[in-house]
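Encoded as structure tokens, the structure appears first; notes follow it.
The values are calculated or read from the model by the stated rules, or taken from the named source; none is laboratory data. Quantities reported herein were computed from a predicted structural model and do not represent experimental measurements. Glycine also receives a Cβ, built like all others from the backbone with ideal geometry; neighbour counts cover every protein chain displayed.
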Amino acid sequence: MTTFQEELLPATRRALLHRIAVAQSEGRAPSLVAAVVRGGRTVWHGSRSCVDGHAPDDDVQYRIGSITKTFTAVLVLRLRDEGLLDLGDPLEKHLPGTGAGEATIAELLAHTGGLAAESPAPWWERTPGSTRPELSDVLGEQPLLHPVGRRHHYSNPGYTLLGALVERLRGRPWEEVLRDEVLEPLGLSRTGGRPEAPHAGGWAVHPWADAMLPEPAEDLGLMAAAGQLWSTTADLARFAVFLARGDERVLSAESVREMRTPAAPGEAADVADGAAYGLGVQIQLRQGRLLAGHSGSLPGFLASLFFSESDDVAAVVLANCTSGPALSLVVADLIAIVAEAEPRIPEPWRPMAEVDPAVMELVGQWYWGTYGYGLRAAADGLLVLEPLSGKGRRSRFRANGDGTWTGLEGYYAGELLTAVRRPDGGVSHLDLGSFVFTRQPYEEGAPVPGGVDPEGWRGIK
């Protein structure tokens, strides 16, 4: 099997170092640390610091802010996969009396539950969690600002509710459940709710002077599920691999794919910028490349983790400043540097292990009306429907074991593909969600859109 070489090329490594050096210098970050993952393993680590000889390594903890939300979402998806809840359940079914119970669990995960962005004053990021001892203190007297399910509006209190949901159904504290069910199985030993040496201190950098001010690190209390965690580039690199591939000890590949499937568009400006939100995962279109992951910030810290599934490349960047470098752009650039300088080498083409005559009977050219399509049987067992002109609806289909196939993406996601047979057993046509595909355009005798004019095809006299 052809694989990536063990290390990146020297020119690629220098380009990565140059990018983070520019980010640290121009963003005036006290320190900045980054990692790149390719092929499921960390292939590069780099850091820059304002203190000579003290650049952080991949074991130094930084606070990761809202990347915590992705960890919380993993716990909720685990509850779903165990059958303890359905994502369509209203919160009230499992966590009654919050005042926001009409929002479904999926809506809370996707920030479409209608809740406020922040908890009532004083600002939760700069005050002890003990200031908000009850969920009512987090939600306030009017938790809902928008109609439930109608609008994407990022909500930190929404993830507090999801953390409380995990605690209710597990009967244990959120952080304890996270450690046992996610951190330990994935080997994330340097991720947790409290900083453990070595860790970076958080700083504010004066906007008009090269001077710094230390930032306090508050314990967020009930808001922990929205932003409490500390982690390292080494741990987050492993977490990125999990988000891309899944791990049966935590979540299946199918469930993590569901997390990174858009569930809600962003606000109008975000949509124009190519941003959407899944279930605890941000989705962005950067430089023509689809990235999934999450960003984070808390006083004194910035964090960003994103990956490109198509390139099999991920990047993590952490900095210890309240504002400064735009880390999501830095992450996107690190991914692009590797993907463009050292493109992913495709796996060798291989034929099917076995050829099914019933499948071979379906492949080839088909017509939906006058639109030409090709149906191809792939070695992975899927059927692939593609427009012959390059324009039109494309989808892969998974066999259901009963002669039917289910669409996996695009317009035909979830739709049923059935081969309709004639009395003699031969295939008459394909039925795809009521669309009829025939071997010839407007084939005579076929269902709609079969030959509807008795005079047939003609020219202009």
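Are any residues in segment 99-116 part of a loop (DSSP other than H, G, I, E, B) and either touching a Leu at 6+ places or on another chain (Cβ under 7 Å) or modelled with pLDDT under 95 (or both), and if so, which ones? Once the filter is applied, which keeps residues that are part of a loop (DSSP other than H, G, I, E, B) and either touching a Leu at 6+ places or on another chain (Cβ under 7 Å) or modelled with pLDDT under 95 (or both), segment 99-116 yields 99, 100, 101, 103, 110, 114, 116.
Within the span defined as segment 63-80, every residue fails to be surrounded by fewer than 24 Cβ atoms within 10 Å (Cβ to Cβ), part of a strand (DSSP E or B) and modelled with pLDDT of 95 or more.
Within segment 242-256, the set of residues being closer than 15 Å to residue 314 by Cβ and either among the small types (Gly, Ala, Ser) or within 8 Å of the chain's Cα centre (by Cα) (or both) comprises 243, 244, 246, 256.
Condition check ((1) more than 30 Å from residue 15 (Cβ to Cβ); (2) in contact (Cβ under 8 Å) with a residue 24 or more places away in the chain; (3) not aromatic (Phe, Trp, Tyr)) across all residues:
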position: 335; (1), (2), (3): no, yes, yes
position: 341; (1), (2), (3): no, yes, yes
position: 357; (1), (2), (3): yes, no, yes
position: 361; (1), (2), (3): yes, yes, yes
position: 400; (1), (2), (3): yes, no, yes
position: 415; (1), (2), (3): yes, no, yes
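Within segment 255-270, is there a residue that is at pLDDT 95 or above, surrounded by 14 or more Cβ atoms within 10 Å (Cβ to Cβ), in contact with a Lys or Arg (Cβ under 6 Å, 6 or more places away or on another chain) and assigned by TED's automatic domain parsing to the domain that holds residue 177? No, segment 255-270 contains no residue that is at pLDDT 95 or above, surrounded by 14 or more Cβ atoms within 10 Å (Cβ to Cβ), in contact with a Lys or Arg (Cβ under 6 Å, 6 or more places away or on another chain) and assigned by TED's automatic domain parsing to the domain that holds residue 177. Is it true that some residue in segment 341-357 is assigned to a helix (DSSP H, G or I) and in contact with a Phe, Trp or Tyr (Cβ under 8 Å, 6 or more places away or on another chain)? No, that holds for no residue.
Within segment 28-59, restricting attention to residues that are surrounded by fewer than 21 Cβ atoms within 10 Å (Cβ to Cβ) and hydrophobic (A, V, I, L, M, F, W, C), which residue is nearest to the chain's Cα centre (by Cα)? It comes out as 44.
Report whether or not residue 152 is within 22 Å of residue 292 (Cβ to Cβ), part of a loop (DSSP other than H, G, I, E, B) and not hydrophobic (A, V, I, L, M, F, W, C). Taking the combined requirement at face value, the residue satisfies it.
Taken as a whole, the condition of being in the same structural domain as residue 307 (by TED's automatic domain parsing), part of a helix (DSSP H, G or I) and surrounded by fewer than 16 Cβ atoms within 10 Å (Cβ to Cβ) does not apply to residue 196. Only residues that are more than 26 Å from residue 442 (Cα to Cα), touching a strand residue (DSSP E or B) at 6+ places or on another chain (Cβ under 9 Å) and among the acidic types (Asp, Glu) were counted across segment 344-379, and they come to 1. All but one of (1) within 25 Å of the chain's Cα centre (by Cα); (2) of a type outside the set (A, V, I, L, M); (3) at positive phi hold for residue 70; state the number of the condition that does not hold. If we test residue 70 against (1) within 25 Å of the chain's Cα centre (by Cα); (2) of a type outside the set (A, V, I, L, M); (3) at positive phi, just (3) comes out false. Taken over segment 184-212, the residue count meeting the criterion of being touching a residue at least 40 places away in the same chain (Cβ under 8 Å), closer than 18 Å to residue 239 by Cα and not charged (D, E, K, R) is 6. Just checking, does segment 374-397 include any residue being of a type in the set (Ser, Thr, Tyr), in a strand (DSSP E or B) and within 16 Å of residue 357 (Cα to Cα)? No, every residue in segment 374-397 fails to be of a type in the set (Ser, Thr, Tyr), in a strand (DSSP E or B) and within 16 Å of residue 357 (Cα to Cα). Restricting attention to segment 34-70, the residues that are touching an Asp or Glu at 6+ places or on another chain (Cβ under 8 Å) and under 24 Å from residue 175 (Cβ atoms) add up to 1. Out of segment 427-461, which residues are loosely packed, with under 10 Cβ neighbours inside 10 Å and either farther than 24 Å from residue 407 by Cα or in contact (Cβ under 8 Å) with a residue 60 or more places away in the chain (or both)? Of everything in segment 427-461, those that are loosely packed, with under 10 Cβ neighbours inside 10 Å and either farther than 24 Å from residue 407 by Cα or in contact (Cβ under 8 Å) with a residue 60 or more places away in the chain (or both) turn out to be 452, 453, 454, 455, 456, 457, 458, 459, 460, 461.
Quick one: residue 20 ticks every box in (1) more than 22 Å from the chain's Cα centre (by Cα); (2) within 25 Å of residue 218 (Cα to Cα) bar one, so which box is it? So residue 20 meets the others, but not (2).
Could you identify the single residue in 55, 35, 11, 23 that is more than 19 Å from residue 296 (Cβ to Cβ) and either among the hydroxyl-bearing types (Ser, Thr, Tyr) or not in a loop (DSSP other than H, G, I, E, B) (or both)? Quick ask: steps written out before the conclusion?
Values: 55 fails: either among the hydroxyl-bearing types (Ser, Thr, Tyr) or not in a loop (DSSP other than H, G, I, E, B) (or both); 35 fails: more than 19 Å from residue 296 (Cβ to Cβ); 23 fails: more than 19 Å from residue 296 (Cβ to Cβ).
Residue meeting the stated conditions: 11.
The residue of segment 122-173 that is surrounded by the fewest Cβ atoms within 10 Å (Cβ to Cβ), among those that are of a type in the set (Val, Ile, Thr) and closer than 25 Å to residue 79 by Cα, is 148. Among the residues of segment 402-426, those that are surrounded by 14 or more Cβ atoms within 10 Å (Cβ to Cβ) and among the small types (Gly, Ala, Ser) comprise 407, 419.
Can you tell me which residue in segment 307-324 is surrounded by the fewest Cβ atoms within 10 Å (Cβ to Cβ), limited to those that are over 21 Å from residue 257 (Cα atoms) and touching a Ser or Thr at 6+ places or on another chain (Cβ under 9 Å)? By that ranking, first place goes to 323.
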